[in-house]
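The values are calculated or read from the model by the stated rules, or taken from the named source; none is laboratory data. From a predicted model like this one, the values you see are computed outputs, not experimental measurements. When we count neighbours, we look across all protein chains shown, and the Cβ atoms used for this are built from the backbone with ideal geometry, even at glycine.
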Amino acid sequence: MGGGGTESPDSKKARTHAQASPPPPVVLVWDIDETLVIFNSLQNGEWERAHSDSGAGEAQALGSQWSSAVLDLADSHLFYKQLETHGVMSLEDAAAADDGRDLASYDFDGDVVGRIQSCEGPAPASNDPGPCTPPPEAAYRYREAHRRYSLGLLADAALPSSDRLWHATDTLAAGWLTAAQGLLAACLAHLPVLLGAALGTPPHAGVRDHLPQVRHVAVTSSDLLPSLAKLALFRLDRFFAGRDVLSSRVHGKLECFARLRDRFPGSAAFVAIGDGREEEAAAAALGWPFIKVSLGRCTLGRAEKGGVPLTSLTVMEIAGALGI
């Protein structure tokens, strides 16, 4: 036998437990508009002002088409027209009112969801109104919308024009949409290995389960259902589970971020990535690192007005925000 001595039962138990317990997750909290996708800036002229070589009027025309496509998909497949006044922060809030009724033969056109009290309006006389709980009829629609999103909205909706729109926008934005897909995929593939190496876990076969898991979460200032439609149309839905998309439209991003902090283990690491002051301030309030994304042109790796274009953001920069 080797000369290392006999391992005590206690130390063996501790080592086995350490091997069996995966390290805490890393949660990447993404803004959507003007971070992962180019959307509002197409419509309001901000993209053309930041990129003077863009074709005059082309960006606004694309923005208008995107707006119509998102609302059409949200209305036709996610019940947005019926649920617009029953907005929730997340699908979890809607699930709280769902009694689990079988929806296979449910008559969504014949119930009373449109006549139920809205989730919107003045907040209750409380310092913490909490998440809105929609009526059961609304909760059924959110459950069905979640199911459709999870199965793939574009396959069901069969929108051939979305391909043309996506490619035209990606060309105008110098590969921004392609970069978003690549970065999200690269984070899932490479961040666990980088984090594992920092923790002393060798990157060989059989240890994937013992590497930190990376989770993509989206927090958007838009309503929840159009945001799900937007992620599908921009081909990003495979990276974001429905329950991992939160709307800050009513309660603000700080409350959304706090909800995420409470959802994940206390040892989880968070990085917020976005272009706006609200998410930057929310991240600072919770002590999370923040990576600013900018529409401006990139000079020596940084954008002219601060931040970095998504097309220049790398996994290594995100790893650096985590202290690696």
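General remarks:
- Filtered residue count, segment 36-47, keeping only those that are surrounded by 24 or more Cβ atoms within 10 Å (Cβ to Cβ) and in contact with a Gly (Cβ under 6 Å, 6 or more places away or on another chain): 1
- Residue within segment 53-73 that is of a type in the set (V, I, T), closer than 30 Å to R263 by Cβ and modelled with pLDDT under 95 present: no
Conditions tested, residue by residue: (1) touching a residue at least 60 places away in the same chain (Cβ under 8 Å); (2) farther than 19 Å from D33 by Cβ; (3) not acidic (D, E).
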| site | (1), (2), (3) |
| --- | --- |
| G57 | no, yes, yes |
| W66 | yes, no, yes |
| A74 | yes, no, yes |
| K81 | no, yes, yes |
| E92 | yes, yes, no |
| D98 | no, yes, no |
| L103 | no, yes, yes |
| F108 | no, yes, yes |
| V112 | no, yes, yes |
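- Extreme residue, surrounded by the most Cβ atoms within 10 Å (Cβ to Cβ), among residues of segment 250-263 that are under 21 Å from Y80 (Cα atoms) and either touching a Pro at 6+ places or on another chain (Cβ under 9 Å) or at pLDDT below 95 (or both): H251
- The residue that is nearest to A218 (Cα to Cα), among those in segment 273-290 that are out of contact with any Lys or Arg (no Cβ under 9 Å at 6 or more places or on another chain) and surrounded by 15 or more Cβ atoms within 10 Å (Cβ to Cβ), is F290.
- Number of residues in segment 256-285 that are among the acidic types (D, E) and touching a residue at least 24 places away in the same chain (Cβ under 8 Å) equals 3.
- Number of residues in segment 24-63 that are touching a helix residue (DSSP H, G or I) at 6+ places or on another chain (Cβ under 6 Å), among the hydrophobic types (A, V, I, L, M, F, W, C) and over 24 Å from A272 (Cα atoms): the value is 2.
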